[in-house]
Amino acid sequence: MLAIVNSAALEGLKGYPVEVEVDVAGGLPAWEIVGLPDTAVREAKDRVRAAIRNAGYDFPSRRITVNLAPADVKKEGPGFDLPIAVGVLAASEQINDQKWRDCVCIGELSLDGSLRPVNGILPIVASLVRQGQCRFLVPLDNAAEAAMVAGAEIYGVRDLAQVVRFLQGQELLDTYSIDKEQILSKKKPVYEDLSDVKGHQAAKRALEVAAAGGHNLVMLGSPGSGKTMLAKRLPGILPDLSFEEALEITMLYSLAGLLPPGEPLVTQRPFRSPHHTSSTVALTGGGRIPKPGEISLAHNGVLFLDELPEFHRDTLEALRQPLEEGNISISRVTAAITYPARVMLVASMNPCPCGFYGDPLKECSCTPYQIQRYLGRISGPLLDRIDIQIEVPRLSFQELACETPGESSAAVKKRVEEARAIQRERLQKDGLVNNAQMGVKHLKKYCTLTGEARGLLKQAFEQLDLSARAHDRILKVARTIADLEKSDKLEVHHIAEAIQYRTLDRKFWGQ
């Protein structure tokens, strides 16, 4: 007898339906799985056989053929265990009801018949709901995650026996529901506060502008000047996630298997800080089975690269396209996969190998060639994509000993949220959320300069020999500064401050 059970698989973040066709026929006992299965899928034979027997059902001693259609697409992972088991039971007439035809079954089986959670449930359910599927049988530990998708009927099941009872009509299951607003509004993590940072008023201002517009930022200074301390306080001044943003991040973390147990939704902006020994694949994504890299896991959040010149040059150059496009494409012979990568890049670095080039108190021990070689690890095109470039100088004793507390993260966050609200209202019809995402047509539309501001920008463009990209990024940063002041037009002081953030490369790189 033939049974066809609905299941699904992932290609990147896109789910597609898979029909699990199970034929139980006469002949010598044999079992074959076809349809380009990987090792984990081929090993399902042993898991399913043991799970069926230990759940109290008969495993047919006949010829079993399982086809995973479409047969020309590689099938990966253990999520096909449950549909194969249901198909075997249905084809051997141990399940008589036809209810299984309307359900999409996904899950990994243990040898005792219990169901284990699988990665990528959220993007699978979201994709299939858009294609018209609505009923899903998933492991109980995946149910809360899958229930985040509007329009999906999610049935969380503990084991194979419960699945059979449900499909036979012997046990009723309620659809799994979850309060999304309650999850989003639950207690937020406590971040380190910006008031802990002594001095560095200019750096704090740059951090606020970067957070308000979603701009990339690089900090350059001697060791111990406070660059990492500032970067770690950036999440505390970023706006809270919207549900749509949280869902996008959760899909990536679900696919990567990084969702913490009991947390079906990522409710805080990611702050990813990979070590400088990370490979290009680790940072950008890829592998034999392509997975999202650090730049995608930082989507809608912050990618912090400490000791920027210590990263491999090829690794840094691979960031150029995703920083510009907001996504990253991974091409393989069989498929091309695109992951979102809309991040704030925040980087810190020393000005030379010893770290004290330009320091007013400690003499640099590096030769000019060593300094040039060290700074040359950061290419001009990559530097050009970083909107805000600031120097973080050494603090004096008086600044460190000052007892007056600085401005709190909460106060700065309030201004950032007000500026972001202005940007959302302005850009929502264009499908954008912040100024850093604006293109040329948006700059023409939303960046109206006064006569003096235009004259200053023209003078800076000619004297600093700016590129067209640098010109556009100055306008984006100036637009953010104006939004912080709730100004419709770009005034001369907005442009002046934005230009100031683009002069560091002239001092150190001579560009």
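For the stretch 466-489, the set of residues classified as in a helix (DSSP H, G or I), at pLDDT below 90 and open to solvent by 30 Å² or more (accessible area, probe 1.4 Å) consists of 468, 469, listed by residue number.
In the stretch 76-84, the count of residues that are more than 30 Å from residue 266 (Cβ to Cβ) and in a helix (DSSP H, G or I) is one or more.
Scanning the stretch 406-433 for residues that are in a loop (DSSP other than H, G, I, E, B) and either touching a residue at least 12 places away in the same chain (Cβ under 8 Å) or open to solvent by 50 Å² or more (accessible area, probe 1.4 Å) (or both), we see that the one that is farthest from residue 230 (Cα to Cα) is 431.
Picking from residues in the stretch 434-465 that are free of Cβ contacts under 8 Å to residues at least 24 places away in the same chain and open to solvent by less than 30 Å² (accessible area, probe 1.4 Å), the one that is farthest from residue 421 (Cα to Cα) is 439. Pairs linking a residue in the stretch 486-498 that is of a type in the set (Gly, Ala, Ser) to a residue that is surrounded by 14 or more Cβ atoms within 10 Å (Cβ to Cβ), with Cβ atoms under 6 Å and 6 or more positions apart or on different chains, are 498/474; 498/477; 498/478.
Listed by position, the strands (runs of 3 or more DSSP E) enclosed by the stretch 1-66 that each have at least 1 residues that are open to solvent by less than 60 Å² (accessible area, probe 1.4 Å) and of a type in the set (Phe, Trp, Tyr) are 14-25, 30-34.
Look at residue 116 and say whether it is open to solvent by 50 Å² or more (accessible area, probe 1.4 Å), at negative phi, of a type in the set (D, E, K, R) and in contact with a Pro (Cβ under 9 Å, 6 or more places away or on another chain). So residue 116 fits the description; yes. Would you confirm, using the coordinates I've provided, whether residue 303 is within 26 Å of residue 184 (Cα to Cα), within 13 Å of the chain's Cα centre (by Cα) and at pLDDT 95 or above? Considered against the rule, which asks whether it is within 26 Å of residue 184 (Cα to Cα), within 13 Å of the chain's Cα centre (by Cα) and at pLDDT 95 or above, residue 303 comes out as yes.
Checking every residue in the stretch 98-106 against the condition of being without any contact (Cβ under 8 Å) to a residue 60 or more places away in the chain, part of a loop (DSSP other than H, G, I, E, B) and β-branched (Val, Ile, Thr) gives zero matches.
The values are calculated or read from the model by the stated rules, or taken from the named source; none is laboratory data. Nothing here was measured: the structure is a model prediction, and the numbers come from that model. Cβ coordinates were reconstructed from backbone atoms using ideal geometry, including for glycine residues, and neighbour counts include every protein chain displayed. Ligands, DNA and RNA are excluded from the accessible area calculation, which covers all protein heavy atoms including side chains. Shrake-Rupley method; radii C 1.70, N 1.55, O 1.52, S 1.80 Å.
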